[in-house]
Amino acid sequence: MVRSAFRLGKWRQDQGKPRAVLVELLYVAAKHIAFQASKRLRDLKIRLDEDLTPQQMKTRRGLSTDFQCLKSRCYKPFFRGVTLRYRDGALIRKCARGRGQQGCGSCSSGS
C-alpha cells in the first residue's frame, strides 16, 4: 500500500516535536482507508493531513469563516479537496463558496 515514506525538514537535536512524515500511497483507496482510521490514530497523537498545493491552502483559508460558523452551529464541517462540506444529520451538504456567514444556508447574519 505504501510506495514511499520519508521525514520532512532537517533533523535537530533540540527539536521539541517530531518531524512530519510524507507518505506516498500506491492506491487512492489506501488513502481513504487511512483517513477513516485517523480518528483512532489521534489517540496516539498521530495526525493525517493531505499534502495541499499553495492554491488549495489559499482556497481553504478563504473558507475558514464558513467552517467556524458551521462548527458553532453544531454541524460537522470537513473539506473534500477544496470544497467545504458539512454533515446535516445523515445528509452531506456542499457549502456555497465565499458567502461569509450565509455561506451554507445554515449560518445567518441575523442570528
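Quick look at the values:
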read-out	value
Alpha carbon Rg of the chain, scaled by the compact-globule rule 2.2 N^0.38 Å	1.30
Stretch in the chain that is longest and holds no chymotrypsin sites (Phe, Trp or Tyr not before Pro) that DSSP places in a loop and that have at most 15 other beta carbons within 10 Å	28-111
For region 1-40: span of alpha carbons on each principal axis (Å, largest first)	37, 23, 9
Inter-probe distance in nm under a simple model that places probes 7 Å from Cα toward Cβ, at Ser4 and Arg40	2.9
Portion, in percent, of the accessible area of region 24-70 that falls on carbon or sulfur, probe 1.4 Å	55
Modelled FRET efficiency - R0 41 Å, His32 with Thr65, Cβ distances, 0.05 increments	0.90
Cα-based shape type of region 14-62, given that a ≥ b ≥ c are square roots of the gyration tensor eigenvalues and the cut on a/c is 1.5	oblate
Expected-Rg normalisation [2.2 N^0.38 Å, Cα atoms] applied to region 51-95	1.15
Zone residues, region 32-65, relative to Val21, backbone N less than 11 Å from point 7 Å out along Cα-to-Cβ	46-47
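The values are calculated or read from the model by the stated rules, or taken from the named source; none is laboratory data. On a predicted model such as this, the values are computed, not experimentally measured, just so you know. Positions of Cβ are backbone-derived with ideal geometry, glycine not excepted, and every protein chain shown enters the neighbour counts. To get the accessible areas, we keep the full protein, side chains included, count just its heavy atoms, and leave off ligands, DNA and RNA. Shrake-Rupley method; radii C 1.70, N 1.55, O 1.52, S 1.80 Å.
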